[in-house]
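Enquirer: Here it is, the structure in full.
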Amino acid sequence: MRVVLSLGGSVLAPDLDADRVAGHADAIERVAREGCDVGVVVGGGGVAREYIGAARGLGANEVALDRLGIGVTRLNARLLAAGFGEGLDPTLATGYDDAETAIRRGDTAVMGGVTPGLTTDAVAAVLAESVGADLLVYGTGADGVYDADPAEHDDARKFDTLTPTELVERIAPMSRDAGASAPVDLPAAKLIERAGMRTIVLDGTDPQAVEDAILTGAHTGTDVVPEGTDEPSYWAH
Ligand code: UTP
């Protein structure tokens with residue numbers, strides 16, 4: 001099975017805890033050892049936001065801020081790569097082509113952001129489509145897609161399953177509301193819809209939960225299932 005994992009910066013490195021990074025690297029290594037071709041796209045998290053906030057205070061323009069953010073995502077990608085043991089030598093990619101070549105070769109690719117104006121949510125969706133991934137997984141700080149912000153609404157309901165079109169419909173209003181943060185952003189949701197990409201959105205804090213979701217399909221987040229598609233056959237093993 002071919003899988004692209006988007007790992008939020010706030011999940012991988014909310015602080016610089018080596019054990020946490022090693023836990024994520026170990027889980028990815030086990031997934032690769034099970035025979036999956038893996039691409040990992042790492043986000044920038046709070047550190048990226050701090051850099052962007054400081055540079056905005058210095059009067060930097062939005063593209064310059066994005067480039068700072070991309071720099072932090074790549075730093076986090078390098079940090080994750082440092083967590084792999086002897087058995088796995090990942091390709092650290094800075095663009096889609098190198099990541100795609102590595103994944104098609106059966107290597108594990110790790111990358112951060114690519115282009116100003118996007119986030120790593122969308123980068124992961126682009127990479128997943130370009131390598132023909134069977135599965136795209138978002139390991140985020142949220143445990144799925146809700147009908148309202150669960151931090152503000154006690155009665156917010158989590159969706160077990162959505163179609164890609166329903167995902168776009170749910171994410172669009174969240175993207176319009178200032179301050180509200182969607183578990184997957186709108187450009188990524190639209191790419192998922194366009195590609196008809198099988199996707200899982202789950203709390204990525206626990207590396208074991210991410211591993212189980214990839215290898216077995218079992219998780220407590222939200223499944224995004226294109227209409228008329230079957231489960232990845234890999235899960236039947
Ligand atoms: P993230 O993907 O971490 O964005 O990239 P985010 O949505 O703020 O992160 P989470 O999900 O809350 O952790 C950090 C920043 O890097 C720039 C953007 O400015 C983004 O906000 N970036 C990232 C790009 O401009 N292009 C990319 O391809 C990736």
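Enquirer: Give the residue list of trypsin sites (Lys or Arg not before Pro) in the stretch 59-149 that are DSSP loop and have at most 13 other beta-carbon atoms within 10 angstrom.
Expert: Answer by residue number: 105.
Enquirer: Same structure again: Report, in whole Å, the centroid distance computed from the Cα atoms of the stretch 11-88 and the stretch 162-223.
Expert: 19 Å
Enquirer: If you roll a 1.4 Å probe over the stretch 1-72 with all protein chains in place, what percent of the accessible area is carbon or sulfur?
Expert: Working: 1690 of 3310 Å².
Heavy-atom surface of the stretch 1-72 belonging to carbon and sulfur, 1.4 Å probe: 51 percent.
Enquirer: Still on this model: Compute the Cα gyration tensor for the stretch 135-237, then decide on rounded, prolate or oblate, letting a ≥ b ≥ c be the square roots of its eigenvalues: rounded whenever a/c is under 1.5, prolate when a/b is larger than b/c in the other cases, and oblate in all that remain. Walk me through the intermediate numbers first.
Expert: Working: a/c = 2.04, a/b = 1.35, b/c = 1.51.
It is oblate, given that a/c is not under 1.5 and a/b is not larger than b/c.
Enquirer: Which order, highest average first, do 198-204, 60-66, 225-231 follow once you tally other Cβ atoms within 10 Å for each residue and take the mean per peptide? Walk me through the numbers on the way to the answer.
Expert: Values: 198-204: 24.6, 60-66: 14.6, 225-231: 11.6.
The packing order, highest mean first, is 198-204, 60-66, 225-231.
Enquirer: Whole-Hz Karplus ³J(HN,Hα) for the stretch 218-233, in order, using 6.51 cos²θ - 1.76 cosθ + 1.60 and θ = phi - 60°, x for Gly and Pro?
Expert: Those phi angles translate into 8, 6, 10, x, 10, 8, 10, 10, x, 4, x, 9, 8, 4, x, 4 Hz.
Enquirer: Are there GluC sites (Glu not before Pro) in the stretch 69-169 that DSSP marks as loop and that have at most 15 other Cβ atoms within 10 Å, and which are they?
Expert: Values: sites: 86, 100, 129, 152, 166, 169; in loops: 86, 152.
When the GluC sites (Glu not before Pro) of the stretch 69-169 are filtered for loop state and at most 15 Cβ neighbours within 10 Å, 86, 152 remain.
Enquirer: In addition: Could you tell me whether the stretch 44-165 comes out rounded, prolate or oblate from its Cα gyration tensor? Rule is a ≥ b ≥ c as square roots of the eigenvalues, rounded for a/c under 1.5, then prolate if a/b exceeds b/c, otherwise oblate. Working shown, then result.
Expert: On the way: a/c = 1.82, a/b = 1.11, b/c = 1.65.
Judged from the Cα gyration tensor, the stretch 44-165 comes out oblate (a/c at least 1.5, b/c at or above a/b).
Enquirer: Please report the carbon-and-sulfur percent of the accessible area for the stretch 135-237; probe 1.4 Å, protein heavy atoms only, DNA, RNA and ligands left out.
Expert: Numbers: 2420 of 5210 Å².
Carbon and sulfur atoms account for 46 percent of the accessible area of the stretch 135-237.
Enquirer: Only helical DSSP H runs with n ≥ 4 go in: add -39500 (n - 2.57) per run for the chain, normalise by residue count and round the 222 nm mean residue ellipticity to 500 deg cm²/dmol. Provide the component values of the computation, followed by the final result.
Expert: On the way: 9 runs with 107 residues, N = 237.
So the helix-based figure for the chain works out to -14000 deg cm²/dmol.
Enquirer: Take the Cα atoms of the chain, build their convex hull, and give its volume per residue in Å³.
Expert: Working: hull volume 27.9 nm³, N = 237.
Per residue, the Cα convex hull of the chain comes to 118 Å³.
Enquirer: Turning to a different aspect of this structure: Using the heavy atoms of the protein chains and a 1.4 angstrom probe, tell me the accessible area per residue for the chain in square angstrom.
Expert: Per-residue accessible area for the chain comes out at 48 Å².
Enquirer: In nanometres, what is the gap between the two model label sites at residue 155 and residue 89, each 7 Å from Cα along Cα-to-Cβ?
Expert: It is 5.9 nm.
Enquirer: Given an 8 Å cut-off on Cα distances and at least 6 residues of separation, report the relative contact order of the stretch 161-237 as a percent.
Expert: On the way: 84 pairs, mean separation 26.6, N = 77.
Value for the stretch 161-237: 35 percent.
Enquirer: Report the antiparallel proportion of the DSSP beta bridges in the chain as a percent, rounded to a multiple of 5.
Expert: Numbers: 4 of 28 bridges.
If I count the DSSP bridges inside the chain, around 15 percent turn out antiparallel.
The values are calculated or read from the model by the stated rules, or taken from the named source; none is laboratory data. Because the structure is a prediction, the values reported are computed rather than measured. So basically every Cβ, Gly included, is an ideal-geometry build from the backbone, and we count neighbours across all protein chains shown. Accessible surface is based on the protein model in full, side chains and every heavy atom, while ligands, DNA and RNA are left aside. Shrake-Rupley method; radii C 1.70, N 1.55, O 1.52, S 1.80 Å.
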